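Presented below is the structure to which this report refers.
The values are calculated or read from the model by the stated rules, or taken from the named source; none is laboratory data. The shown structure was predicted, so the numbers you read here are calculated from the model rather than taken from an experiment. Cβ placement follows ideal geometry from the backbone for every residue including glycine, while neighbour counts extend to all protein chains displayed. Accessible surface is based on the protein model in full, side chains and every heavy atom, while ligands, DNA and RNA are left aside. Shrake-Rupley method; radii C 1.70, N 1.55, O 1.52, S 1.80 Å.
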Amino acid sequence: MTEVDLADVQGNILHSYGRSFRCVRHLVLRVADPARARAALGEMVTGERSGPEVTSAELAPRHADFGWCLNVGITYRGLAALGVPASTLSTFPAEFRAGMIARAPWLGDVGPSAPEHWVGGLDDPDRAHLIVTIHGHSTDNIEAISEAVVGAQGGSAFDHERCEELDGAFFAEPHEDQVHFGYRDGLSNVRFAGIHEASDPSQGALAPIGTVLLGHPSPIPHVMWGVPRPSALGGNGSFNAFRVLRQDVRAFEAFLVRAAALAGCSAEEVAAKLCGRWRNGAPLSLAPTEAEAAALPDPLTNDFSFSDDPDGARCPIGSHIRRCNPRDAQIVQRGTNDARALVRRGMPYGPPYDPAAGAVDDVPRGLLGNFICASLASQFEALQLSWLNLGLQDPRITGTNDPLVGANEASAASFAWSTSTGDEVLADRLPSFVTTAGGAYCFLPSLTAIRWIASEGWRDRDKPPRRRFPALRRAGP
Amino acid sequence: MNLIIPLRRPSIVTRSQITRALVQSTDEVLAGLNNVGTVHFARFDIVAGNLCMFSIYDGDLSSYVRDFIATIGNAFDGMFTWVRDPPPLPVGSHVEEFIAWVQAHDAFQMPEQPTDLISRDLSTLPRDTMVALHRHPNAQLGVYRAYPGFSAAQIRHHLSVGW
């Protein structure tokens, strides 16, 4: 088993911080003064929590007295702005160097999702250098820490004028585990061998740590993802596709009602068929009817498969969870069922939709999502490009996009499913419910790497001392 | 994908060795291409001192090559030992470098679909074309498809030959 130094790994990669950290702020920062920004980063890895300190995986398991957790993502332009030399930057993978804005056409971020409409300064790659993410029990915790981050080095490290804040929070109880479309979220996250307990089958199988951490074997036999060099910079790092996903709850609920009337079923059943889970979390694979979903003892279970539902009679082949994770279903790209697995961590932003407010409620709301993986191209992009959109994994859905998050055009998109009574339904005019309102590809450096950047590690390259002569062996007695 | 890879020494011996390597791994290569699942056709040719690997596949190049490596692994490594400027081997340990190498050896493709012109100013196209042809001596000028818009798996599914 791979040994990982948890004190070296940022804490949001391997673990979720849990629901007690109910608020989040993503600070989008621009480097104003490279030397001071490096110094500010150095102050975040001193090992003391007297100021803003990066939370490691070792500390991540929720110390009761922690009021906040902090993590740092750096974009390609951010690394350059911090002074990392071009020869080092060239060792990063091409899609990271290009950045999410350049990859927008491939990701389906076109039309209303195009980068020119993005918020939070994310429309400008020269503005989004660092994304500092602060999780807190309350907004007070977050305010205090974010002030300290922005004010680091006498306030001269980062550009105050152009600092942006993206805030999110879990819903109030009893809906704290729901997201804007009303589903319970965060149910089927990747868990790792050597990190999480293997004993609980309801949580699903364990993945190799190389799914998210650079420098460890990937989930694909005989494949290793490249690690940015030197290893002090790349090792134990990870990549994050940060996404601001705006959700149109009114359009979603309206579609449910229209499709339910068409199919002669409940709106809840349509919601379940679009997602693959009922809104209470129960997987369609285990609970094909609403009554079974309500009666399922553990609706949050992850212990189910698709191989016994090859035609999608229960869980539609085109449903969201089946596209994201085909589990043991037959797919076109054989043997790659787990190859695109990634970690998802998200928190809603904006107030819950109020149906009573109706047409006047157009407050921005959605999800602040982190999609964490070791290879953005092989995991995040391949998932987005050929499974969520396009549907290349199964010929019966090829040419269609994900019904919940896909780049759908109402004039052309539709969704097909079998109702719980066995009727085939095709609901046309499927609009896009989710618009990309921002995003950035970030590198999540290890704590060693943050120190390396802070101390300009590129200046004293680890050159092994050159030996002119073979070492003399002391003559034995 | 149209890889045109100059041979290190385009002698009859090298060509025989490549032929033998391909024949020896035929089963592995065909099974691998079958498992990648998105490939319509793949050809291996020697043309004017170049090893050529041409294929028509569904989706984008990066996903195709990545699925290809995940499925076929290092089966082609043997063939790359006779080419000039080979990729770092084994390819499974140098995925990003291999993709960059593939892109460097891939013939430039003229945009085939109008959608490829997204966000491009049409008036600059002839200039783009000139620049591209200047940079890339090899180019795919056009492709005919008897069944545009269908994936390899859809055709197999409709023909009931398994996908």
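Say whether the condition of being crowded, with 18+ Cβ neighbours inside 10 Å and aromatic (Phe, Trp, Tyr) is met by at least one residue in segment B:99-109. Yes, segment B:99-109 contains at least one residue that is crowded, with 18+ Cβ neighbours inside 10 Å and aromatic (Phe, Trp, Tyr). Counting only helices (runs of 4 or more DSSP H) that sit wholly inside segment A:215-305, those with at least 3 residues that are in the same structural domain as A:GLY346 (by TED's automatic domain parsing) and more than 24 Å from A:LEU367 (Cβ to Cβ) are A:249-263, A:290-295.
Have a look at A:GLN393, A:GLN384 and point out the one that is in a loop (DSSP other than H, G, I, E, B) and assigned by TED's automatic domain parsing to the domain that holds A:PHE252. Result of the check over A:GLN393, A:GLN384: A:GLN393. Within segment A:163-200, the set of residues being surrounded by fewer than 16 Cβ atoms within 10 Å (Cβ to Cβ) and either basic (Lys, Arg) or in contact with a Leu (Cβ under 7 Å, 6 or more places away or on another chain) (or both) comprises A:GLU165, A:ALA193, A:ALA198.
Residues in segment B:50-61 that are open to solvent by 20 Å² or more (accessible area, probe 1.4 Å) and either of a type outside the set (Phe, Trp, Tyr) or within 14 Å of chain A (Cβ to nearest Cβ) (or both): 7 in all. The set of residues in segment A:191-228 being of a type in the set (A, V, I, L, M, F, W, C) and within 26 Å of A:ARG97 (Cα to Cα) consists of A:ILE209, A:VAL212, A:LEU213, A:LEU214, A:ILE220, A:VAL223, A:MET224, A:TRP225, A:VAL227.
Residues that are closer than 30 Å to A:GLY67 by Cβ, more than 11 Å from chain B (Cβ to nearest Cβ), part of a loop (DSSP other than H, G, I, E, B) and open to solvent by less than 50 Å² (accessible area, probe 1.4 Å): does segment A:112-119 have at least one? The answer is no, given that none of the residues of segment A:112-119 is closer than 30 Å to A:GLY67 by Cβ, more than 11 Å from chain B (Cβ to nearest Cβ), part of a loop (DSSP other than H, G, I, E, B) and open to solvent by less than 50 Å² (accessible area, probe 1.4 Å).
Of all residues in segment A:348-394, those satisfying the criterion of being farther than 13 Å from A:LEU107 by Cβ and hydrophobic (A, V, I, L, M, F, W, C) are A:ALA356, A:ALA357, A:ALA359, A:VAL360, A:VAL363, A:LEU367, A:LEU368, A:ILE372, A:CYS373, A:ALA374, A:LEU392. In this structure, is A:THR400 in contact with a strand residue (DSSP E or B) (Cβ under 8 Å, 6 or more places away or on another chain) and in a loop (DSSP other than H, G, I, E, B)? The answer is yes for A:THR400. A:SER420 satisfies every condition listed in (1) open to solvent by less than 10 Å² (accessible area, probe 1.4 Å); (2) more than 20 Å from the chain's Cα centre (by Cα); (3) not charged (D, E, K, R) except (1).
Residues are listed down the side, and each one gets a yes or a no for (1) away from chain B (no Cβ under 14 Å); (2) among the hydroxyl-bearing types (Ser, Thr, Tyr); (3) touching a residue at least 24 places away in the same chain (Cβ under 8 Å); (4) more than 18 Å from A:ASN12 (Cα to Cα):
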site	(1), (2), (3), (4)
A:GLU143	yes, no, no, yes
A:GLU147	yes, no, no, yes
A:ALA157	yes, no, yes, yes
A:GLU165	yes, no, yes, yes
A:ARG191	yes, no, no, no
A:ALA232	yes, no, yes, yes
A:ASN240	yes, no, yes, no
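Within the set B:ARG84, B:ARG66, the sole residue that is surrounded by 15 or more Cβ atoms within 10 Å (Cβ to Cβ) and either among the acidic types (Asp, Glu) or modelled with pLDDT of 85 or more (or both) turns out to be B:ARG66.
Residue-wise test of (1) over 26 Å from A:GLY439 (Cα atoms); (2) open to solvent by 10 Å² or more (accessible area, probe 1.4 Å).
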{"site": "A:LEU214", "(1), (2)": "no, no"}
{"site": "A:MET224", "(1), (2)": "yes, yes"}
{"site": "A:ALA232", "(1), (2)": "yes, yes"}
{"site": "A:GLY235", "(1), (2)": "no, yes"}
{"site": "A:SER238", "(1), (2)": "no, no"}
{"site": "A:ALA241", "(1), (2)": "no, no"}
{"site": "A:GLN247", "(1), (2)": "no, yes"}
{"site": "A:ALA251", "(1), (2)": "no, yes"}
{"site": "A:LEU256", "(1), (2)": "yes, no"}
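The test for being outside the structural domain of B:GLN140 (by TED's automatic domain parsing) and in contact with a Leu (Cβ under 6 Å, 6 or more places away or on another chain) does not hold for B:GLY32. For the condition surrounded by fewer than 24 Cβ atoms within 10 Å (Cβ to Cβ), more than 25 Å from A:PHE192 (Cα to Cα) and either within 14 Å of chain B (Cβ to nearest Cβ) or among the β-branched types (Val, Ile, Thr) (or both), A:ASP338 does not qualify. Filtering segment A:20-40 to residues that are modelled with pLDDT under 95 and farther than 28 Å from A:TRP118 by Cα leaves only A:SER20. Residues in segment B:25-79 that are among the charged types (D, E, K, R) and closer than 17 Å to B:PHE98 by Cα: B:ASP60, B:ARG66, B:ASP67, B:ASP77.
Of the residues making up segment A:266-296, those that are of a type in the set (A, V, I, L, M, F, W, C) and buried (at least 21 other Cβ atoms within 10 Å of the Cβ) are A:VAL270, A:ALA271, A:ALA272, A:LEU274, A:CYS275, A:TRP278, A:ALA282, A:LEU284, A:ALA287, A:ALA293.
Of the residues making up segment A:374-388, those that are more than 7 Å from chain B (Cβ to nearest Cβ), open to solvent by less than 20 Å² (accessible area, probe 1.4 Å) and either among the polar types (S, T, N, Q) or under 22 Å from B:VAL161 (Cβ atoms) (or both) are A:SER375, A:GLN379.
If you go through segment B:144-163 and keep only what is loosely packed, with under 12 Cβ neighbours inside 10 Å and under 16 Å from B:LEU33 (Cα atoms), you end up with B:VAL161, B:GLY162. Residues that are touching a helix residue (DSSP H, G or I) at 6+ places or on another chain (Cβ under 9 Å) and more than 20 Å from A:VAL244 (Cβ to Cβ) were ranked within segment A:143-157; the one that is surrounded by the fewest Cβ atoms within 10 Å (Cβ to Cβ) is A:GLY154. Number of residues in segment A:297-317 that are within 19 Å of B:ALA153 (Cα to Cα) and open to solvent by 10 Å² or more (accessible area, probe 1.4 Å) equals 4.
Every condition in (1) touching a Gly at 6+ places or on another chain (Cβ under 7 Å); (2) within 14 Å of chain B (Cβ to nearest Cβ) holds for A:SER90 except the one numbered (1).
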